[in-house]
Amino acid sequence: MADFEPVLMANMQREDSHTLAAYEKAGGYAALKRALREMQPKGVVDLVKRSGLRGRGGAGFPTGLKWTFLPQETRGPVYFCLNADESEPGTFNNRVLMEQDPHQVLEGLILSCFATCATTAYFYMRYEFPLAWRRVQAAIDECYSAGYLGSNILGSGYSLNVYLHRGAGAYICGEETGLIESLEGKRAWPRIKPPFPAVEGAFRRPTVVNNVETVACVTHIVARGAEWFRSMGVPPDPADPRDPGSFGPKLYCLSGHVERPGCYEAPMGLPVRELIDRFGGGIWKGRRAKAAIPGGISMGLLRADEFDCRLDFASPARYGCLGLGTAAVVVLDETVSMVDFLHNSCRFFAHESCGQCTPCREGTAWSLRMLDRIRAGRGRWKDLDLLLEIGDSIGIIPGSTICGLSDGAAWPIKNAIRKFRAEFEDYIRQSNPQGYLETAPVAALDSTGSH
Amino acid sequence: MAERILTEEMENAIRALFPRYPTRQAVTLPALHIVLEKLRYVPPQAVVEIAGLLELAPSQVQDTLSFYGIFPQDKPHGRTRVWVCRSISCALRGSDELLQQLCESAGISPGGTTGDGRVTIEIAECLGACEHAPCMLANDELHHCITREQGEAFLRGLK
């Protein structure tokens with residue numbers, strides 16, 4: 001741990017780190033040059049497979065394996081979509097990469113397109129990243145001038161065009177088939193799978209969708225090798241034959257009630273406590289922690305006595321969380337009301353549900369209305385059971401929705417109420433002493449305008 | 001016949017994107033962005049004209065537009081459009097209070113525009129800048145860790 005050398009953030013300390021000149025001076029594009037000269041696409045795929053790289057966007061699917069799902073022989077184009085729609089509350093590592101070191105992202109993107117034989121890539125960036133947009137567009141322009149993009153890249157015979165495509169303020173566009181629908185000019189309603197995008201994706205063609213940090217890792221795997229990547233992180237759990245392990249460096253986002261919020265790089269498997277104390281300078285204002293989100297709000301909650309949890313793909317689930325997600329930790333200090341936390345979470349998902357699947361559309365909106373009522377002093381203990389019933393029945397895990405958005409809506413509900421039930425009960429009893437034991441159906445409040 | 005809204009410049013900018021995509025429909029969001037940037041809104045007549053360029057039914061463009069939250073249709077947003085983040089990291093560091101303060105100072109509700117057209121204040125879900133909470137986006141500029149005083153100074157400085 002002590003001898004860990006950052007790679008994803010190494011270039012960011014340099015002056016003008018976002019420019020091609022600074023990136024090349026630091027050795028940038030050497031991996032691309034070597035790969036185009038010495039490697040076949042299949043060689044890059046095999047290398048990434050051997051490295052054990054898993055997608056950094058939230059689901060943690062093995063990247064090399066995803067690439068092998070493309071049909072072996074296909075006439076016509078394969079599309080590559082770079083998912084830069086980063087919108088998970090607490091998450092900003094992709095923004096930092098694109099703003100501070102866009103060429104690292106582009107080198108990884110070009111390598112990934114070369115590996116998957118894609119000749120067109122759509123760089124789908126969320127609307128709210130204007131600086132990243134300008135920096136990435138400038139970097140793409142530099143790449144065309146330098147011969148890293150366009151036809152016959154560096155004389156290799158390989159050609160690639162990259163087009164920036166701007167989102168329009170919808171969280172669901174981060175779901176890979178929602179992204180594809182949005183790219184095609186439609187409402188971003190996720191598709192029923194199968195077919196998976198590798199078989200039928202953008203414009204009904206084989207398509208790969210990868211996250212920004214994922215392709216940035218590809219650059220370093222090509223430069224340093226699969227063994228280097230596997231030399232850090234957490235090996236597979238011998239008790240779980242389906243666990244492929246969690247390897248490589250990771251960008252951790254830290255925000256909320258800590259002294260030094262920020263983006264920090266460390267190997268996979270960093271304990272939450274170490275991230276907060278060593279990198280984040282501890283809880284702010286000398287207070288104590290109450291809870292933390294382990295990887296974006298969708299992943300649920302850890303109590304303060306669960307901060308031994310390591311941030312790898314397998315560990316958060318052992319603490320009842322949904323998973324690692326984006327490894328974005330948001331810390332809540334002892335003054336935070338869990339009712340307020342859950343209200344904020346439910347409001348987010350009610351706002352961002354795309355409306356396609358009834359359990360998600362109605363479940364997220366209903367849970368918000370209940371939290372509104374609880375905060376208005378008209379909650380009942382029964383509402384906690386109703387909230388849990390919603391939490392247990394919406395999402396792809398219970399099998400009631402097309403995509404995982406409502407699993408993300410469900411986990412904060414389930415974790416908050418099951419881990420902090422006494423606080424919710426106290427709040428309801430004290431704020432509604434006459435009616436907290438009522439169980440008869442109640443009318444909804446008039447719109448409180450929080451949606 | 002309603003008066004045309006898209007200028008030749010806008011139409012050319014939209015047409016220039018056609019070669020990037022295998023379908024015209026994929027130019028829907030880019031076209032809406034081009035119009036929004038120029039007019040600060042996308043009135044129904046612009047939707048009809050975009051549909052004409054993209055060889056779509058106006059309802060297809062309207063369907064897409066209405067899914068996303070950033071394209072006003074009735075009137076232009078203010079010269080400065082402010083997005084105040086309210087998601088968890090910002091909420092933990094005072095974004096609800098910031099939003100309330102900005103709206104009170106400007107004399108509008110979230111989503112509203114001042115009478116002089118100077119500013120529109122919108123609520124945003126996570127802006128992806130959680131290390132700078134509470135944050136807001138004002139046109140193309142992200143404002144970091146905004147205090148009460150900075151919020152006031154920002155509003156006073158608007159043209």
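The values are calculated or read from the model by the stated rules, or taken from the named source; none is laboratory data. Computed from a predicted model, the values in this text were never measured in an experiment. We place every Cβ from the backbone using ideal geometry, glycine too, and count neighbours over all the protein chains shown. Note: areas computed on protein heavy atoms with side chains; ligands, DNA, RNA excluded. Shrake-Rupley method; radii C 1.70, N 1.55, O 1.52, S 1.80 Å.
A few comments on the model shown:
- Overall Cα dimensions of region B:62-140, principal axis frame, Å, largest first: 35, 31, 20
- Per-selection metrics, region A:238-309 (Cα): Rg and Dmax in Å: 13.2, 44
- Near residue A:10: Cβ cut-off under 10 Å, other residues only, Lys/Arg at +1 and Asp/Glu at -1. The net charge is -2.
- Loop-resident sites, region A:291-378, for GluC sites (Glu not before Pro), counting at most 16 other Cβ within 10 Å (DSSP): A:334
- The C-alpha atoms of chain A define a longest principal axis, and helix A:338-352 lies at about 50 degrees to it.
- The alpha carbon centroids of region A:30-79 and region B:36-51 are separated by 40 Å.
- Taken over region B:8-67, the percentage of Cα pairs per 5 Å bin, counting from 0 up to the bin with the maximum distance, is 4, 20, 36, 26, 12, 1.
- When chains B and A come together, the accessible area they lose, probed at 1.4 Å and totalled over both chains, is close to 3700 Å².
- GNM remark for chain B: springs join alpha carbons under 10 Å apart, and the peak mean-square fluctuation among B:124, B:57, B:31 falls on B:57.
- Three semi-axes of the equivalent ellipsoid, region B:1-136, Cα gyration tensor, whole Å, largest first: 33, 18, 11
- Calculated accessible area for the protein assembly as shown comes out at 39 Å² per residue, all protein chains present (probe 1.4 Å; ligands, DNA, RNA ignored).
- Crossing angle, helix A:405-419 versus chain A [Cα axis fit, 0-90 degrees, rounded to tens]: 50 degrees
- Kirkwood hydrodynamic radius of region A:334-433, Cα pairs, Å: 13.3 Å
- Anisotropy class of region A:224-347 from Cα gyration tensor, a/c 1.5 cut: prolate
- Across region B:21-58, the residues whose backbone nitrogen lies under 16 Å from the label position 7 Å along the beta-carbon direction of residue B:2 are B:32, B:35-36, B:39-54, B:56-58.
- Counting charges near residue B:63 (Lys, Arg +1; Asp, Glu -1) among other residues having Cβ under 12 Å from its Cβ returns a value of +1.
- The distance separating the Cα centre of region B:109-159 from that of region A:309-335 comes to 31 Å.
- Each label was represented as a point 7 Å from its Cα along the Cα-to-Cβ direction; for residue A:3 and residue B:79 these points are 6.1 nm apart.
- Taken about its Cα centre, region A:338-431 carries a charge dipole of about 220 debye when Lys and Arg each add +1 at the Cβ and Asp and Glu each add -1 at the Cβ.
- Along its three principal directions, the equivalent ellipsoid of region A:10-231 from the Cα gyration tensor extends over semi-axes of 24, 21, 17 Å, largest first.
- Principal axes of the protein assembly as shown: Cα extent on each, largest first, Å: 78, 72, 47
- Expressed as a whole percent, the accessible surface of region B:8-67 that belongs to carbon and sulfur atoms is 49, based on a 1.4 Å probe.
- FRET efficiency, residue A:30 to residue A:430 (Cβ-Cβ, R0 51 Å, nearest 0.05): 0.20
- log10 of Debye I(q)/I(0), alpha-carbon scatterers only, for region A:378-450 at 0.13, 0.21 Å⁻¹: -0.47, -0.98
- Per residue, the convex hull spanned by the Cα atoms of region A:104-213 measures out at 101 cubic angstrom.
- Inter-chain shielding of A:249-256 (mean C-beta neighbours from other protein chains, 10 Å cut-off): 3
- Average beta carbon contacts from partner chains per residue of A:192-203, 10 Å cutoff: 1
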